[in-house]
Amino acid sequence: MKKIVLTLVAGLVAAGSGCSSIERSRDLANPDVPPAVTAVQVCSICHGIDGNSVSPNFPRLAGQQPGYIVSQLTNFRGQQRSDPAGFEYMWGLSRHLADDQINGLADYFSKQAATPNAPVDAKLMAAGKEIYENGLPAKEAPPCIACHGPKAEGLANFPRLANQHQDYMIKQLQVFKRTDQRPNTPMTQVAHLMSPEEMEAVTGYLQSFPIEK
Amino acid sequence: MAIQLLISLATLGISFDASALPLFARQTGQNCVACHAGGQFPELTPYGRSFKLTGYTIGSRVAVPLSIMGVATYSKVSDTSKSDNPFGPQGDFLKNEMPILATGSAFLGGKITDNIGAFIQWTYDNYAVAKPEGGFAGHSNMDNVDIRYADRFVSPSRDLIFGVSLNNNPSVTDPWNTAAAWMQYVPVPSPSSYQFIDGAAPFPGNSSGSNVAGVSTYIYLNKLVYAELGTYRTANGVFSPLSAGLDNANTTNLQGADNPYWRFALTHEWGAHNIMVGTSGNIAHIYDADTDISDPNNLGKIKSTGVDAQYQYILDPHTITAQLAYMRQETNYSVNTLGGATAPTTFVLADGVTPVAPVNNSDTTNTLRAKLSYVYQARYGGSLAYFNKTGTTNTLNQTSGYDPVGCGGTVICNASSIRVNGNLSGNPATRGMTYEAFWTPVQYVRVGVQYTAYSKFNGASDNYDGFGRNARDNNTLFLYVWGAY
């Protein structure tokens, strides 16, 4: 038995020194680690291997615009985005990422297929669709569709919102409305025009956004 | 006075450099809430569990892989009057109503290579030993050790984490907070210092205890199935660092290396919810403490089998956790325990004449713990815990009784009877609730208050020690300030 234990211990040491593979590394300070490896070994724990996160604490990244992912990771790394979701989780993870790795991560997640998210009730869907497509004319709030696109797929630095978690989007709208933690975005002005009910409706619609085959 | 001290300690914590965080936070650069549910140490979030199962290897190696932790505490037991010696040297309530800097730990570890990481805790107990002349002597020794190799293989159809751990405590490897090694780990100072706080009340435990040496291997497949198998031996020879600081009298001696530990759990995540249902167990062939291990008559056997479940709801600003753990422990005593000097053969029943029943060769205990906790904004929290230990009655466990010599009727005068901690019935039944409220002003400081109320202690609600002490007399108020750096 003693031999078995000693063999296991020796194996543990040998495995660590000899069989360590950069193809399965979780090192976030090594610029040689391929971005796809970091995506599945680290990012996937919260965001899902295919970018379709289960918990609404963490945004879905599947099908996200690569330009938006790059801008957010860069802002996390530079600590320009300081909302709680940013500094609690992402500042540290992104602090040593190289530009190439950030670009690679954006490429990985943007190429994942978004899957349907939890449905919301039909009345909320209808109210949200109205806001998404036509804005809030009485408040002179522009329609979301203008920047985020007819399929809510986003464009360049405007993020994809289709199938994003409702809870995450509401919290971010509140960050835009109440804080300067995400500066230099037109959403600061838009969010100020939205009531909590309107935020709930439009984000509910977006969470359940119908995916076209 | 005590509260003032605790608050000033908390304030001291607030003045620390906010960028200075414990070891793993420095490695990942993340806040404590990333890995600890609602910031409650040591309960892990799903991400924290992955961090542990992948061998503490996420992030980047830090230059000085060290961190420290300290606990300052104060306790007040409901009734200290029913004691022969409440406050003198070796007294029953020596540290009662006295704020103390109870324990401190140093941690070493984190990421070593891409596949190897460690969690090594060394603990100093300022009140480890009560000196005969009064006062205390401090003592330090190895606490939790978990050094592991882990790898994770991901393909479109499979997500497999595989690992091997060298550790010194069955279940210290476990990522769920209902594991025997972790459920007790609310800020518990110097267990020897306060006998009735929640940390000293019954918890499901494994057979061999800590500071042994073992290797376990585990898999976690598709975030669905967790399985672990290990075996333990005495932490001596090449393994002696795992029990460093403990003298021979306090070292756990196991027979051979055939002392298995097993763990199986099913897990599921949906939305902000996650749940685990599992079972675990440990068989220890264990020598009586501080005895000759060449004598087979000092060898006993303890088998523990448990079931446990944990549910978490984590969605900022709310964290809800429900935990349930049950452990059945079957103890087969050594020949020398059964026939030796430890058996209370001199006790009689309350009539002063009838001898007590003979000693049983074995005992079974069943320990249940249930806990519900809520934390708001990872800052304000509370919990409610229920504990219930039941078991077989055995005169072997009777530490108080009636002596026929010079006494009669209900008069108790046997010198070996023990006040306060004595057990008149020979039954271990202990039951109660713990209520807790806590505040985490900054993520590495926690201030809390607990109240533990007993409805049964050592087998009885009333007069459990034979000297008129009731279970409720042990109700205890406990204040703590926990800090880490």
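The values are calculated or read from the model by the stated rules, or taken from the named source; none is laboratory data. Source: prediction; values computed, not measured. In this analysis, Cβ positions are derived from the backbone assuming ideal geometry, glycine residues included, and neighbour counts consider all displayed protein chains.
Do we find a residue being at pLDDT below 95 and surrounded by fewer than 18 Cβ atoms within 10 Å (Cβ to Cβ) anywhere in region B:225-232?
No, that holds for no residue.
Name every residue in region A:104-135 that is more than 13 Å from chain B (Cβ to nearest Cβ) and surrounded by fewer than 17 Cβ atoms within 10 Å (Cβ to Cβ), in order of residue number.
Those that are more than 13 Å from chain B (Cβ to nearest Cβ) and surrounded by fewer than 17 Cβ atoms within 10 Å (Cβ to Cβ): A:Asp107, A:Lys111, A:Thr115, A:Pro116, A:Asp121, A:Ala122, A:Lys123, A:Ala126, A:Glu130, A:Glu133, A:Asn134.
If I filter region B:194-214 for residues that are at pLDDT 95 or above, more than 30 Å from B:Val445 (Cα to Cα) and not hydrophobic (A, V, I, L, M, F, W, C), do I get at least one hit?
Yes, the conditions are met somewhere in region B:194-214.
Go through region A:44-76 and give me each residue that's assigned to a loop (DSSP other than H, G, I, E, B) and of a type in the set (Phe, Trp, Tyr).
Listed by number, the list holds a single entry, A:Phe58.
Identify the residue in region B:51-110 that is touching a Ser or Thr at 6+ places or on another chain (Cβ under 8 Å) and among the aromatic types (Phe, Trp, Tyr) and, among all such residues, is nearest to the other protein chains (Cβ to nearest Cβ).
Only one residue tops the list, namely B:Phe51.
Does B:Lys82 count as of a type in the set (D, E, K, R), surrounded by fewer than 22 Cβ atoms within 10 Å (Cβ to Cβ) and modelled with pLDDT of 90 or more?
no
Give the residue, chosen from B:Ile275, B:Ile286, that is within 14 Å of chain A (Cβ to nearest Cβ), aliphatic (A, V, I, L, M) and out of contact with any helix residue (DSSP H, G or I) (no Cβ under 6 Å at 6 or more places or on another chain).
On inspection, the qualifying residue turns out to be B:Ile275.
Show me the helices (runs of 4 or more DSSP H) found entirely inside region A:85-158 where at least 2 residues are under 14 Å from the mean Cα position of the chain (by Cα).
Filter on region A:85-158 gives A:91-94, A:99-110.
Listed residues B:Leu242, B:Leu266, B:Leu315; which is in contact with a strand residue (DSSP E or B) (Cβ under 6 Å, 6 or more places away or on another chain), surrounded by 16 or more Cβ atoms within 10 Å (Cβ to Cβ) and either within 14 Å of chain A (Cβ to nearest Cβ) or modelled with pLDDT of 95 or more (or both)?
That would be B:Leu242, the only listed residue that is in contact with a strand residue (DSSP E or B) (Cβ under 6 Å, 6 or more places away or on another chain), surrounded by 16 or more Cβ atoms within 10 Å (Cβ to Cβ) and either within 14 Å of chain A (Cβ to nearest Cβ) or modelled with pLDDT of 95 or more (or both).
Yes/no matrix, rows are residues, columns are (1) touching a His at 6+ places or on another chain (Cβ under 6 Å); (2) polar (S, T, N, Q); (3) crowded, with 22+ Cβ neighbours inside 10 Å:
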residue	(1), (2), (3)
B:Val277	no, no, no
B:Ile286	no, no, yes
B:Thr291	no, yes, no
B:Tyr326	no, no, no
B:Thr331	no, yes, yes
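Residues of region B:143-201 being touching a residue at least 60 places away in the same chain (Cβ under 8 Å) and in a helix (DSSP H, G or I), which ones?
Once the filter is applied, which keeps residues that are touching a residue at least 60 places away in the same chain (Cβ under 8 Å) and in a helix (DSSP H, G or I), region B:143-201 yields B:Ala180, B:Trp182, B:Met183, B:Asp198.
Going through region A:159-194 one residue at a time, which ones are assigned to a helix (DSSP H, G or I), among the β-branched types (Val, Ile, Thr) and more than 23 Å from A:Ser55 (Cβ to Cβ)? Step through it out loud before you land on a result.
Here is the first cut: in region A:159-194, the residues assigned to a helix (DSSP H, G or I) are A:166-178, A:187-192.
In the following step, the residues that additionally are among the β-branched types (Val, Ile, Thr) were identified as A:170, A:175, A:188, A:190.
Hits for region A:159-194 are A:Thr188, A:Val190.
Filter region A:63-82 for residues that are more than 21 Å from B:Gly48 (Cβ to Cβ) and within 14 Å of chain B (Cβ to nearest Cβ); which is surrounded by the most Cβ atoms within 10 Å (Cβ to Cβ)?
Among those residues, the one meeting the criterion is A:Leu73.
Take region A:165-193 and flag every residue that is touching a residue at least 24 places away in the same chain (Cβ under 8 Å) and either more than 14 Å from chain B (Cβ to nearest Cβ) or surrounded by fewer than 17 Cβ atoms within 10 Å (Cβ to Cβ) (or both). Talk me through it step by step, then tell me what you get.
To start, the set of residues in region A:165-193 that are touching a residue at least 24 places away in the same chain (Cβ under 8 Å) comprises A:165-175, A:179, A:181-183, A:186, A:190, A:193.
Within region A:165-193, A:Leu173, A:Gln174, A:Thr179, A:Gln181, A:Arg182, A:Pro183, A:Pro186, A:Val190, A:Leu193 meet the criteria.
If I filter region A:24-42 down to residues being crowded, with 21+ Cβ neighbours inside 10 Å and in contact (Cβ under 8 Å) with a residue 60 or more places away in the chain, which single residue comes out as nearest to the other protein chains (Cβ to nearest Cβ)?
A:Leu28
Only one of B:Trp182, B:Trp176 is away from chain A (no Cβ under 14 Å), more than 28 Å from B:Thr291 (Cβ to Cβ), of a type in the set (A, V, I, L, M, F, W, C) and crowded, with 24+ Cβ neighbours inside 10 Å. Can you tell me which?
Numbers: B:Trp182 fails: crowded, with 24+ Cβ neighbours inside 10 Å.
Only one candidate qualifies: B:Trp176.
Anything in region B:145-196 that is among the small types (Gly, Ala, Ser), farther than 23 Å from B:Tyr127 by Cβ and out of contact with any strand residue (DSSP E or B) (no Cβ under 6 Å at 6 or more places or on another chain)? List them, or say none. So that I can check it myself, show each step before the final result.
First, the residues of region B:145-196 that are among the small types (Gly, Ala, Ser): B:150, B:155, B:157, B:163, B:165, B:171, B:179-181, B:190, B:192-193.
From the residues that got through so far, the ones that are farther than 23 Å from B:Tyr127 by Cβ too are B:150, B:155, B:157, B:163, B:165, B:171, B:179-180.
Correct list: B:Ser155, B:Ser157, B:Ser171, B:Ala179, B:Ala180.
Of the residues in region B:422-473, how many are modelled with pLDDT of 95 or more, in contact with an Asp or Glu (Cβ under 9 Å, 6 or more places away or on another chain) and part of a loop (DSSP other than H, G, I, E, B)?
Number satisfying all stated conditions: 3.
Give me the pairs: first residue in region B:217-238 and touching a residue at least 40 places away in the same chain (Cβ under 8 Å) and over 16 Å from B:Gln255 (Cβ atoms), second residue crowded, with 21+ Cβ neighbours inside 10 Å and among the polar types (S, T, N, Q), beta-carbon distance under 7 Å, and six or more apart or on different chains, which are they?
Matching pairs, first to second residue: B:Tyr218/B:Thr173; B:Glu228/B:Thr173; B:Glu228/B:Ser216; B:Gly230/B:Ser216.
Somewhere in region B:373-396, is a residue closer than 26 Å to B:Arg431 by Cβ and modelled with pLDDT under 90?
Yes; the residues of region B:373-396 include at least one that is closer than 26 Å to B:Arg431 by Cβ and modelled with pLDDT under 90.
Considering only region B:111-156, state which residues are among the hydrophobic types (A, V, I, L, M, F, W, C), under 20 Å from B:Leu242 (Cα atoms) and either within 14 Å of chain A (Cβ to nearest Cβ) or more than 27 Å from the chain's Cα centre (by Cα) (or both). Steps first, please.
At the first step, the residues of region B:111-156 found to be among the hydrophobic types (A, V, I, L, M, F, W, C) are B:112, B:116, B:118-120, B:122, B:128-130, B:136-137, B:142, B:145, B:147, B:150, B:153-154.
Pick out the ones that are also under 20 Å from B:Leu242 (Cα atoms) and you get B:112, B:116, B:118-120, B:122, B:128, B:142, B:145, B:147.
Residues satisfying the conditions are B:Ile112, B:Ile116, B:Ala118, B:Val145, B:Ile147.
Could you say whether any residue in region B:449-461 is within 23 Å of the chain's Cα centre (by Cα), closer than 30 Å to B:Asn31 by Cα, touching a residue at least 24 places away in the same chain (Cβ under 8 Å) and surrounded by fewer than 22 Cβ atoms within 10 Å (Cβ to Cβ)?
yes
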